[in-house]
Amino acid sequence: MIQRSIKRLKLRALVLDDELTSPTAEGRAARELVRELQARDIEIVEAISAQDGTSAVVSDAAIHAILVDWTLDRDHDHAKSRSFIQLVRSRNDKIPIFLLAERGDASSIPIDVMAMVNEFVWTLEDTAAFVGGRVVAAIRRYLEILLPPLAGALMKFTQEYEYSWHTPGHTGGTAFLKSPIGRIFFDYFGENLLRSDLSISVGTLGSLLDHNGPIGEHERYAARVFGAHRTYCVTNGTSTSNRIIFTAAVGRDQIAVCDRNCHKSIEHGLVLTGGVPTYLVPLRNRYGIIGPIPPDRLSDGAIEEAIATNPLVTDDMDQRPVYAVITNSTYDGLCYDASRVEDLLDQSVDRIHFDEAWYAYARFNPLYKKRHAMHGDPKDHSGPTVFATHSTHKLLAALSQASFLHIRDGRNTIPHTRFNEAFMMHSSTSPLYPIIVSNDVTAAMMDGPAGVALTEESIQEAVAFRQTMGHVHRQFADNHDWFFNTWNADTVKDELGNTIRFDEASPEFLARNPEPWILHPNEHWHGFGDIEDGYCMLDPIKVSIITPGVADDGGLEDWGIPATLVTAFLHHRGVEVEKTTDFTILLLFSIGITKGKWGTLLNALLDFKRAYDANASLADALPQLIAAYPDVYEGLGLRELGNGMFAHLRDSRQTFWLAEAFSSLPRPVLTPYAAYQQLVRGQIEHVALDDLSNRVLATSVVPYPPGIPMLMPGENTGALNGPHLSYLQALAAWDRRFPGFGHDTHGVENRDGTYYVQCLTSISGEASRRGAVRDEAAVFATSSRTS
């Protein structure tokens, strides 16, 4: 018989009573109750002070019932007991709370406390056996209401131990037990996961494609939690969610208004549908940080002009766009006033899509009020149909590939039956149930006060890190020394309207008030100029660390430290960051962050400073670099390498060309759809960077970072000394000069230091310079003649 490895849920209860260790009647009664609960197979967490109890509640989510003494610490006004109960309820409105009191205390229990607790235990009158039974019953009820629809159904099903005659072939993991390597796999991931990997044939769990049964209940539950009319669970990422919306909303030769700061999946939507893009270019600042699209570019007049001057739009097309997509928040954490964006686009388009892949938590904290797509009450929604896509695995707690697609029905809505055709086109008939369940659990984690508590903790940790960094930076600056800083306002206005330093502001004020994070016009810190007041806000949990080197008025200083060198040092110390640009390092304070994590990061940054100032040998600071490229880096110190990198950035003007390339639109020659059709037909060639002038691309060019398409399929590359090719030349020169620090640029093949890009062969450079070729049939005919 194979040893059983499935794990059961261990029940736990917290008993908070300062007399647990006292030789009093109350103490004896409390200890007897603890023994009774333990006899019922409930693990007990004991606490003898309010501080102990608070620590247990904050750090341990695996507590299923709480018993708290009303006369804690002999506090006659019961302030400690009341505060503790309020804390619990601020985090969890469902967990059963038992108030331990003597009969004579009943009159002293206020109504608000009575409303917060589930039951009263008269410690010197009720028997331990009776109370133990009540606690067990309350825990069972709690677990029943705690599990969201699909999670509860799946966990129940996997406990029924049915023989299966359907896919998947491992049948609950038993196939792995027949092989030595399979057994290792089984033991590593565990029986619960493998028994949860089920076939869509299991009708009791419902169907992801038909949206019925517990899966349908899960989607309706998520719609309520996230404020949508309809929610669809997507199991292969928000890239797929974006493509589903595009496929459902845009037809061939229909105009789509697209944020140029878009994910590659938006390009895929254009390729799949044959939609005609009209791009909106966002702002950029001196650090290369992507800002918002200004409001004047979203007005009906501006969009009408952009369409009229778009070479891809012909007179026989309907000039009204059918769809618009905006990235919110940006990768660097800039959030729109979504209600303002809706009002602006309302005049031009009936369907607005907010790509909020990195922003799924926004609805659950008042700091982001009106700054996300599903803001407010869905019953109050009018105007355009609004879509939102959320990568629930990015900054919430779902498994990788989990995504939600939310819809608020409005003008020109797409009925479910039509929309589901697009959904099924992109969805697997064999989804992984644990991914779906992780979405279900994530929605439940954010429901009610728990969502506020979890997001508030993330914000508080991000604020604490920002303020600590600011304080350390100021200490070094007072001694005319350098250190890193975070990108946020240097000063803020406090509750009384007084201007104070950011690092001296009240942490609670910073964590709960949007004012310190709003971009006001012409503030130097953000660098986006005369931006509309209140239109955009910096998300505090997306922290950009700024490295020295960028001048206040733009350009580079005489000295600086490239961020990629710092990131390499952090990597050697076991610290991984989200994104690194020339002079910024992005950190994400997700709900899984802890003080220990950012404390370690701060120590590592201080270690870098010490090593850099001492010009520590690369053999000590970055030994893996010396091992990989001894001929290039042998004998160098950390500061020497940093100085060489900075000088190269300054001479190549890489940061300048990045800003120029992403702030100017290339000339479109073909739609992404038409360019892709030629790629499929093989009408392409690989062209070296030096020969790339005025060629039409077959694929997009996406430098990472920032991971945003710089050149789209069907666009003209421009002159060799133009912004787009100049930036690629700067990247190629850097990659040759500093191996081990190379760039990841999708759409570019690096052959021994030479960049190659796929271009269309059917359109000559001369034809590309003359202007757009819109007649795709003519293009394909030309392709056939020239092949």
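The values are calculated or read from the model by the stated rules, or taken from the named source; none is laboratory data. This is a predicted model, so every value here is computed, not measured. We place every Cβ from the backbone using ideal geometry, glycine too, and count neighbours over all the protein chains shown. The protein model used for the area step is the full one, side chains on, heavy atoms only, and it has no ligands, DNA or RNA in it. Shrake-Rupley method; radii C 1.70, N 1.55, O 1.52, S 1.80 Å.
A few points about this structure:
- Residue among SER83, SER22 that alone is assigned to a helix (DSSP H, G or I) and either surrounded by fewer than 20 Cβ atoms within 10 Å (Cβ to Cβ) or among the charged types (D, E, K, R) (or both): SER83
- Checking each residue in segment 461-520 for being of a type in the set (Phe, Trp, Tyr) and in contact with a Ser or Thr (Cβ under 7 Å, 6 or more places away or on another chain) picks out PHE484, TRP487, PHE502.
- Selection within segment 247-260 - open to solvent by less than 10 Å² (accessible area, probe 1.4 Å) and either under 21 Å from the mean Cα position of the chain (by Cα) or under 16 Å from VAL281 (Cα atoms) (or both): ALA256, VAL257, CYS258, ASP259
- Filtered residues of segment 743-765 (kept if aliphatic (A, V, I, L, M) and either loosely packed, with under 13 Cβ neighbours inside 10 Å or in contact (Cβ under 8 Å) with a residue 60 or more places away in the chain (or both)): VAL757, LEU760, ILE763
- Among (1) closer than 25 Å to LYS379 by Cα; (2) in contact (Cβ under 8 Å) with a residue 60 or more places away in the chain - the single one GLU456 does not satisfy: (1)
- A Cβ distance below 6 Å, combined with a sequence gap of six or more or placement on separate chains, defines the contacts here; from segment 460-488, residues that are within 22 Å of GLY291 (Cβ to Cβ) and hydroxyl-bearing (Ser, Thr, Tyr) reach residues that are in a helix (DSSP H, G or I) and at pLDDT 95 or above in the pairs THR486/ARG466; THR486/MET469.
- Among the criteria (1) touching a Ser or Thr at 6+ places or on another chain (Cβ under 7 Å); (2) under 16 Å from PHE404 (Cβ atoms), the one LEU344 does not fulfil is (2).
- So LEU641, is it open to solvent by less than 30 Å² (accessible area, probe 1.4 Å) and part of a helix (DSSP H, G or I): yes
- Identity of the residue in segment 319-360, without any contact (Cβ under 8 Å) to a residue 40 or more places away in the chain and small (Gly, Ala, Ser), that ends up most open to solvent (accessible area, probe 1.4 Å): SER339
- Condition met for ILE42 (surrounded by 19 or more Cβ atoms within 10 Å (Cβ to Cβ) and touching a residue at least 40 places away in the same chain (Cβ under 8 Å)): yes
- Of the residues making up segment 389-446, those that are among the hydroxyl-bearing types (Ser, Thr, Tyr) and either over 27 Å from ASP346 (Cβ atoms) or open to solvent by 40 Å² or more (accessible area, probe 1.4 Å) (or both) are THR392, SER400, THR413, THR417, SER427, SER428, THR429, SER430, TYR433, SER438, THR442.
- Criterion: within 19 Å of ARG35 (Cα to Cα), at pLDDT below 90 and out of contact with any Pro (no Cβ under 9 Å at 6 or more places or on another chain) - qualifying residue of VAL121, VAL68: VAL121
- Candidates TYR287, TYR279, filtered to the one that is at pLDDT below 95 and either open to solvent by less than 10 Å² (accessible area, probe 1.4 Å) or more than 30 Å from SER430 (Cβ to Cβ) (or both): TYR287
- In segment 293-318, the residues that are of a type in the set (Ser, Thr, Tyr) form Cβ pairs under 8 Å with partners that are open to solvent by 60 Å² or more (accessible area, probe 1.4 Å) and assigned to a loop (DSSP other than H, G, I, E, B), at six or more places apart or across chains, as follows: SER299/GLN347.
- Of all residues in segment 512-551, those being in a loop (DSSP other than H, G, I, E, B) and either in contact (Cβ under 8 Å) with a residue 40 or more places away in the chain or touching a helix residue (DSSP H, G or I) at 6+ places or on another chain (Cβ under 7 Å) (or both) number 18.
- If the condition is being of a type outside the set (Ser, Thr, Tyr), under 28 Å from GLU640 (Cα atoms) and under 18 Å from the mean Cα position of the chain (by Cα), then segment 569-597 contributes GLU576, VAL577, GLU578, LYS579, ILE585, LEU586, LEU587.
- The set of residues in segment 566-599 that are open to solvent by 40 Å² or more (accessible area, probe 1.4 Å), in a loop (DSSP other than H, G, I, E, B) and not β-branched (Val, Ile, Thr) comprises ARG573, GLY574, GLU576, GLU578, GLY592.
- The residues of segment 39-55 that are in a helix (DSSP H, G or I), touching an Asp or Glu at 6+ places or on another chain (Cβ under 9 Å) and of a type in the set (A, V, I, L, M, F, W, C) amount to a single one, ALA50.
- If you go through segment 373-388 and keep only what is open to solvent by less than 10 Å² (accessible area, probe 1.4 Å) and not hydrophobic (A, V, I, L, M, F, W, C), you end up with PRO384, THR385.
- Looking only at residues in segment 124-167 that are assigned to a loop (DSSP other than H, G, I, E, B) and within 31 Å of the chain's Cα centre (by Cα), the one that is modelled with the highest pLDDT is PRO148.
- Checked against the criterion of being open to solvent by less than 20 Å² (accessible area, probe 1.4 Å) and closer than 16 Å to SER652 by Cβ, the candidates LEU711, LEU728 yield just one match: LEU728.
- In segment 45-78, the residues that are surrounded by fewer than 17 Cβ atoms within 10 Å (Cβ to Cβ), among the β-branched types (Val, Ile, Thr) and over 36 Å from the mean Cα position of the chain (by Cα): none
- Residues of segment 600-617 satisfying the condition of being assigned to a helix (DSSP H, G or I), more than 28 Å from PRO706 (Cα to Cα), in contact with a helix residue (DSSP H, G or I) (Cβ under 9 Å, 6 or more places away or on another chain) and without any contact (Cβ under 8 Å) to a residue 40 or more places away in the chain: ASP613
- Residue match in segment 306-313 (condition: touching a helix residue (DSSP H, G or I) at 6+ places or on another chain (Cβ under 8 Å), open to solvent by 20 Å² or more (accessible area, probe 1.4 Å) and in a loop (DSSP other than H, G, I, E, B)): yes
- Elements of type helices (runs of 4 or more DSSP H) contained in segment 375-490, each with 3 or more residues being within 16 Å of the chain's Cα centre (by Cα): 433-446, 449-478
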